[in-house]
Amino acid sequence: MNAIESPVTETESRSVYFSCKDMQSYYGESFIVHGISFDVQEGEVLALLGRNGAGKTSTLRSIARMDEPQVTVGEIWLDNQPLHNMKSYEAAQLGVALVQEDRCIIAGMTVEENLILAQIAPPKGWTIKRIYEHFPRLAERRLQEATTLSGGEQQMLAVARALARDIKLLLLDEPYEGLAPVIVKEIERIIDGIKKQGITTIIVEQNAVAALRLADRAIILDMGQIVFNGLAQEVLDNEELRHEYLAI
């Protein structure tokens, strides 16, 4: 199936900051992602959407160079650097941060200790003070044991911990999963604030409408292939497309 693509806009004519070229990923001998290619501009927010099993999380893990899935064919570039040749820690050092669905909060440490541990030394931009300005709820709970936070607060901490590393690319895997609507709104506000800081972001989210409200562009995956690549607003406006590939 040929992917639906939007016309090139003036914004898209800027130089590419991140790109995947013919990327394929697999678990064992089972292919999950089948030769996908897409670009992201610097400071852009991309919503990566699709039904369960479409290959969204596998795509994020491949970008972050996690052990599974593995990329067998293709190239991944960030700021003119080849991620496809790197180990996960090397990609992290370059500025790739994956906030996983399970959040990976470190038990036995306070909120502030979690942030300090994640922070590069010395921080270039995202100091603890600046993080607390963007996450006032974390500032209120800075001395609290991190795993005792609510689910929404733990999600805030996971995102804040990624920012503490002065990242170039933020990968968010299901940031709204299991959160009450009022907390989703607060996480949305935080991600929108990150967007205004010019941080390039790829967000995977089952709550497609919420993700599309934040995103500049959207890609829809179906069975590991791209079936739509265009403006987020186009997906919001296209009921047939949403029904067929997102069941909304």
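Throughout, read-outs are computed from the coordinates displayed, never taken from laboratory work. All of these numbers come straight from a predicted model, not from anything done at the bench. So basically every Cβ, Gly included, is an ideal-geometry build from the backbone, and we count neighbours across all protein chains shown.
Between the C-alpha center of segment 69-90 and that of segment 205-248 there is a gap of 25 Å. The stretch between E42 and N85, if pulled fully straight at 0.36 nm per residue, gains 13.3 nm over its current Cα-Cα span. Translational diffusion of segment 10-62, estimated by Stokes-Einstein from the Kirkwood radius over alpha carbon pairs at 20 °C in a medium of 1.002 mPa s, is 173 µm² per second. Taking packing as the residue-averaged number of other Cβ atoms within 10 angstrom, the listed peptides 138-146, 190-198 run from highest to lowest as 138-146, 190-198. Where both bridge residues fall in segment 90-207, DSSP classifies roughly 10% of the beta bridges as antiparallel.
One chain, two ends: I120 and Q197. Fully extended at 0.36 nm per residue, the span grows by 25.8 nm beyond their Cα-Cα distance. Whole-Hz Karplus values for segment 174-182 come out as 6, x, 9, 4, x, 9, 5, x, 5 Hz, taken residue by residue from phi with 6.51 cos²θ - 1.76 cosθ + 1.60 and θ = phi - 60°; glycine and proline positions read x. Compared with the direct C-alpha span, the chain from V73 to V182 gains 35.1 nm at full extension, assuming 0.36 nm per residue. Per the Debye calculation on the chain with a single equal scatterer at every Cα and no solvent contribution, log₁₀ I(q)/I(0) for q = 0.17 Å⁻¹ amounts to -1.34.
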